[in-house]
Amino acid sequence: MTVSDQEQLEQTMEWIVGAEERGERVDKFITESLEEDVSRTQVQQWIKEGHLTVNGGQIKANYKLAEGDRLFLTIPEPEELNLEPEAIPLEVVYEDSDVIVVNKSRGLVVHPAPGHYSGTLVNALMYHCKDLSGINGVMRPGIVHRIDKDTSGLLMAAKNDLAHVSLAAQLKEHSVNRKYLAVVHGNVAHDHGTIDAPIGRDPHDRKLYTVTEKNSKHAVTHFVVLERFGDFTLMELKLETGRTHQIRVHMKFIGHPLAGDPAYGPARSQHVTIEGQALHAAVLGFVHPRTGEHLQFEAELPEDMQHLLHVLKNR
């Protein structure tokens, strides 16, 4: 199976069905293949409206896939979508007329998706800022990068198109300084190192990612061990690339999955009391799109991760 762009949801997407998907219903396949939280009912509506073709022709939602089928989906722009600003509390770390940097709380989704148009960071930014860049369309105004729902920490957004273009280019060039703090399972043997392993869709569960050579993208994560607690380790991780779930996948790959990770980690430990993975975007540095000044920000660990470290140190 190949996907046109695995890093972010585009308006058009394409797949070639592999042997492992043969016989599966097309609506189920599409629903599970999309990164965004899209309902199966929404996908069925898209199929009914002709937004999905298989081998150039229209099909019904119960169509059974055949190996080699070429699927092409055009995700329609919401015709009358009016995202509402919402007074969701925001911790603003920095703000000027071009850029805003926030310290996102764990559990907050970054941007809306079909069927979920409220309660996101975008809704909060719309209330707080009034002006956001429109390059990413009505669903993701101002958003140039994202962190997972259950990852806390620093995230930047663009307040106009000039800023958006500049910040997106810096991300593409890997010049943005992004460092994370994480608590992982096990005693990491090396004090520092680099994980250079390509990431692609997990063929056994298309909502997840894995290290694979097939239909994958280059991914590099650098790490430093900060403190060891026997069966857990506190680490600093620096992203060189920014693939979906990169840190979570790379740490599982080397045998040290993130504590509390519901998708890539082991069964919950009695010591891990946080909801979601113990991962925090602690450092964010970039060049200001208008002034050229290098800005860097730090956000201390949230209370739940501080409590986790306290528990681990005092067992």
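Values as computed for the structure displayed
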{"quantity": "Which numbered condition Asp196 fails, given (1) open to solvent by 40 Å² or more (accessible area, probe 1.4 Å); (2) free of Cβ contacts under 8 Å to residues at least 24 places away in the same chain", "calculated": "(2)"}
{"quantity": "Positions within the stretch 148-180 being surrounded by fewer than 19 Cβ atoms within 10 Å (Cβ to Cβ) and part of a strand (DSSP E or B), in sequence order", "calculated": "Asn177"}
{"quantity": "Test: residue in the stretch 131-147 that is in a loop (DSSP other than H, G, I, E, B), at pLDDT 90 or above and surrounded by fewer than 19 Cβ atoms within 10 Å (Cβ to Cβ)", "calculated": "no"}
{"quantity": "Hits in the stretch 271-285 (condition: closer than 12 Å to Phe232 by Cβ and either at pLDDT below 95 or part of a strand (DSSP E or B) (or both))", "calculated": "His271, Val272"}
{"quantity": "Counted residues, the stretch 57-77 - those being in a loop (DSSP other than H, G, I, E, B) and of a type in the set (A, V, I, L, M, F, W, C)", "calculated": "5"}
{"quantity": "Enumeration of residues in the stretch 264-315 that are touching a strand residue (DSSP E or B) at 6+ places or on another chain (Cβ under 6 Å) and open to solvent by 40 Å² or more (accessible area, probe 1.4 Å)", "calculated": "Val287, His294, Gln296, Glu298"}
{"quantity": "Any chance Val183 is buried (at least 20 other Cβ atoms within 10 Å of the Cβ) and assigned to a loop (DSSP other than H, G, I, E, B)", "calculated": "no"}
{"quantity": "Considering residues of the stretch 26-42 that are assigned to a loop (DSSP other than H, G, I, E, B), closer than 15 Å to Thr74 by Cα and out of contact with any Ser or Thr (no Cβ under 8 Å at 6 or more places or on another chain) only, the residue modelled with the highest pLDDT", "calculated": "Leu34"}
{"quantity": "Where Gly23 falls short, out of the listed (1) closer than 19 Å to Asp202 by Cα; (2) surrounded by 12 or more Cβ atoms within 10 Å (Cβ to Cβ); (3) modelled with pLDDT of 90 or more", "calculated": "(2)"}
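The values are calculated or read from the model by the stated rules, or taken from the named source; none is laboratory data. Computed from a predicted model, the values in this text were never measured in an experiment. For neighbour counting, all protein chains shown are included, and Cβ atoms are generated from backbone atoms with ideal geometry for every residue, glycine included. Surface accessibility is based on the protein's heavy atoms, side chains included, excluding ligands, DNA and RNA. Shrake-Rupley method; radii C 1.70, N 1.55, O 1.52, S 1.80 Å.
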